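Trainee: The structure under discussion is supplied below as structure tokens; questions concerning it will follow.
The values are calculated or read from the model by the stated rules, or taken from the named source; none is laboratory data. On a predicted model such as this, the values are computed, not experimentally measured, just so you know. Don't worry about glycine lacking a Cβ; one is built from the backbone with ideal geometry, like all the others, and counts go over all protein chains shown.
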Amino acid sequence: MARFFFNRRGPDPETADASRRLSAMVRSHLALSEDDGVTVSEIACSHPECGDAETVVLIMRLGRATEAVKVLKAMRLVTEEDLRQALAAAPA
């Protein structure tokens, strides 16, 4: 059964800040250009390791297929080291 998050209180400033922070880290770590895109999202997760939420990073580079990287943590809990490990484990 699929689980979804419904935020009835409106945008969460803490999540928005975490998204911007992680996006900037990805751009810096991968030396992306302004033409490349990065999105960071938090989705529901049923895996025992992720505590109900996981972070998904999409990397969209010009002329290449979109790459997806997952971290089994809520977005606000993802550290720079978590992100580096996830990016290193991603297929090139």
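Trainee: Being out of contact with any helix residue (DSSP H, G or I) (no Cβ under 6 Å at 6 or more places or on another chain), of a type outside the set (A, V, I, L, M, F, W, C) and outside any loop (DSSP other than H, G, I, E, B) is the filter here; which residues of the stretch 45-79 pass it?
Mentor: Result: PRO48, GLU49, GLU54, GLU67, LYS70.
Trainee: Follow-up question, since we're still on this one. Going through the stretch 16-50 one residue at a time, which ones are among the acidic types (Asp, Glu), more than 12 Å from MET60 (Cα to Cα) and more than 12 Å from the chain's Cα centre (by Cα)?
Mentor: Within the stretch 16-50, ASP17, GLU49 meet the criteria.
Trainee: Just checking, how many residues over the stretch 1-31 are part of a helix (DSSP H, G or I), among the hydrophobic types (A, V, I, L, M, F, W, C) and at pLDDT 90 or above?
Mentor: So the count comes out to 6.
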